[in-house]
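The values are calculated or read from the model by the stated rules, or taken from the named source; none is laboratory data. Computed from a predicted model, the values in this text were never measured in an experiment. Heads up: the accessible areas ignore ligands, DNA and RNA and are worked out on the full protein's heavy atoms, side chains in. Shrake-Rupley method; radii C 1.70, N 1.55, O 1.52, S 1.80 Å.
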Amino acid sequence: MIGARIVQKVSSTRGFAKVAPHVIPALDRAVHRITRGKVLLSAQMLPGVVLTSTGARSGLPRRTPLACMPEEEGRTWILIGSNFGRDGHPAWTANLLAHPEASVSWKGQDIGVTATLLTGEERAAVWKTALAFWPPYATYQARVEREIRLFRITRR
């Protein structure tokens with residue numbers, strides 16, 4: 001699909017990495033709220049969830065729209081802490097490390113989940129699948145020194 005290739009190319013740029021984190025989540029939150037959880041704008045290109053996690057330091061609920069890679073027909077999802085290829089892990093990854101019990105809004109349904117950080121061979125296998133799913137993740141990883149965190153979230 002030509003449109004997908006253009007979006008992948010644009011999303012791999014440093015300019016996108018500077019602007020997108022400020023624009024895309026705000027738009028996603030607004031549209032998600034207006035449509036009562038049925039629509040995420042970013043999900044028009046990639047599947048998406050709205051993650052509600054507990055703040056690692058604050059203990060307060062934090063809602064974050066995220067692209068995801070669904071597995072097992074919506075029983076598990078992979079969340080990729082790419083942070084648009086910027087330095088530093090995204091805050092939601094620290095939240096899941098501190099408090100793995102969370103929830104996601106998936107296609108208008110709120111679902112309780114438990115997050116597991118993937119490591120070792122399991123992470124390597126999922127990373128390979130993630131690169132086939134969305135090739136710009138390779139560009140994001142090449143731009144940063146940290147290893148991008150991958151989480152599998154599973155229905156409780």
Rounded to the nearest 10 Å², what accessible area does Leu118 show when all protein chains are kept and the probe is 1.4 Å? 10 Å²
Computed ³J(HN,Hα) along region 94-106: with the Karplus parameters 6.51/-1.76/1.60, θ = phi - 60°, integer Hz and x for glycine or proline, the list is 5, 4, 5, 5, 6, 9, x, 7, 8, 9, 10, 9, 10
Solvent accessible area, Å² - Asp110, 1.4 Å probe, full protein context: 120 Å²
Once you have a ≥ b ≥ c as the square roots of the Cα gyration tensor eigenvalues for region 90-156, tell me rounded if a/c is under 1.5, and otherwise prolate or oblate according to whether a/b is larger than b/c. prolate
